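Novice: This structure is in structure tokens; I'll ask about it shortly.
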Amino acid sequence: MKTFLAFLVVMGIIVTLSDAHCWRKIHKPGEAKDGCEMNGKLYPFGRIERTEDCYKCFCSEAAMECCSLFHTPVAYDNKKCKVVFNKKQCDYDVVQKDDPSKICPVYARVG
């Protein structure tokens, strides 16, 4: 039992440290004159710590590269619990369906 518990702890650490979901949009020449646009909002050139959609980005005239600040829960009791995106914290909360004030345990997340 202790070995299994240790395994779960190690897997939790590995999943937490894994890379987030990342993407890149390459700009056409002259497309990004004043910065990078994402979902109707113009972001300045350089590093962007947090967009409105919870991404960390880098904007240049050549491209916009972004990685998510959140990790999607994949291992939880989906019969008793539901996933709700918390935009303020840029993460998913997993809460009980019957009582959303109670948090459910999450065993794995992916980015």
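Novice: Leaving out ligands, DNA and RNA but keeping every protein chain, what accessible area does ASP99 have, in Å² rounded to the nearest 10, with a 1.4 Å probe?
Specialist: About 50 Å², ignoring ligands and nucleic acids.
Novice: I'd like the Kirkwood hydrodynamic radius of segment 14-111, using the inverse of the mean 1/r over distinct C-alpha pairs, in Å.
Specialist: 15.1 Å
Novice: Roughly how many nanometres apart are two label points built 7 Å out from the Cα toward the Cβ at ASP53 and CYS22?
Specialist: Rounded to a tenth, the inter-label distance reads 1.8 nm.
The values are calculated or read from the model by the stated rules, or taken from the named source; none is laboratory data. Since this is a predicted model, take the numbers as computed values, not measurements. Virtual Cβ from ideal backbone geometry, glycine too; neighbours counted across all protein chains shown. With ligands, DNA and RNA removed, areas are computed over all heavy atoms of the protein, side chains included. Shrake-Rupley method; radii C 1.70, N 1.55, O 1.52, S 1.80 Å.
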